[in-house]
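What follows is a single structure, written as structure tokens, with notes after it.
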Amino acid sequence: MSVPSRVPILASAIEPRAKRSNYPEPFASQMEGRTKRALGDHFGLTTFGVNLTTLAPGAMSSILHRHSRQQEFVYIITGHPTLRTGIAEYDLAPGMCVGFIPEGDAHHLVNRTSENVTYLEIGDRDPSDSAEYPEDDLVARRENDRWVFTHKDGTPY
């Protein structure tokens with residue numbers, strides 16, 4: 001393992017993650033057009049993650065989901081994404097932010113515009129976290145520092 005950087009760097013100079021998604025198919029391919037730069041990982045941060053995420057036109061941040069333990073925070077830098085929750089939609093703009101508490105509203109961002117959207121996403125890394133996906137036959141849980149995905153009936157993907 002390489003030594004984390006302690007030197008300031010342009011966020012755009014950090015290479016995007018090679019793997020677009022941890023989701024199994026058919027969900028992983030739905031993450032086309034999403035690029036994440038793991039800023040926190042670059043500096044060796046382990047208790048919370050910080051990603052610089054870009055959504056191309058038509059892309060989404062994730063599948064509509066809610067966490068059991070993780071807190072999330074999103075700050076819009078450029079573009080105008082739509083925040084979908086389990087109960088409403090909100091048009092966002094640069095400078096706007098939103099936070100999500102565990103077991104709160106399901107949520108994700110969708111880029112319905114013709115321009116890229118860029119935002120910071122920050123979340124803790126609770127090892128006992130799980131996620132549910134109310135619109136899809138998918139459940140995620142943390143096991144040995146990685147996500148494991150199953151169908152809602154518990155059968156593996």
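Quick test of your reading of the structure: G123 fulfils all but one of (1) in contact (Cβ under 8 Å) with a residue 24 or more places away in the chain; (2) more than 20 Å from R34 (Cα to Cα). Name the failing condition by number.
(2) is the only condition that G123 fails.
List the number of the failed condition for K152; all other conditions in (1) modelled with pLDDT of 95 or more; (2) within 19 Å of M31 (Cβ to Cβ); (3) of a type outside the set (A, V, I, L, M) hold.
(2)
Tell me which residues, restricted to segment 1-21, are surrounded by 10 or more Cβ atoms within 10 Å (Cβ to Cβ), in a loop (DSSP other than H, G, I, E, B) and either more than 22 Å from the chain's Cα centre (by Cα) or not hydroxyl-bearing (S, T, Y) (or both).
P4, S5, I9, I14, P16, R17, R20
Report yes if I14 is more than 23 Å from S130 (Cα to Cα) and in contact with a His (Cβ under 7 Å, 6 or more places away or on another chain), otherwise no.
The answer is yes for I14.
I'd like the residue in segment 106-131 that is surrounded by 15 or more Cβ atoms within 10 Å (Cβ to Cβ) and acidic (D, E) and, out of all such residues, is nearest to R84 (Cα to Cα).
Per the stated criteria, the residue is E121.
The values are calculated or read from the model by the stated rules, or taken from the named source; none is laboratory data. Quick caveat: nothing in here was measured; it's all calculated off a predicted structure. When we count neighbours, we look across all protein chains shown, and the Cβ atoms used for this are built from the backbone with ideal geometry, even at glycine.
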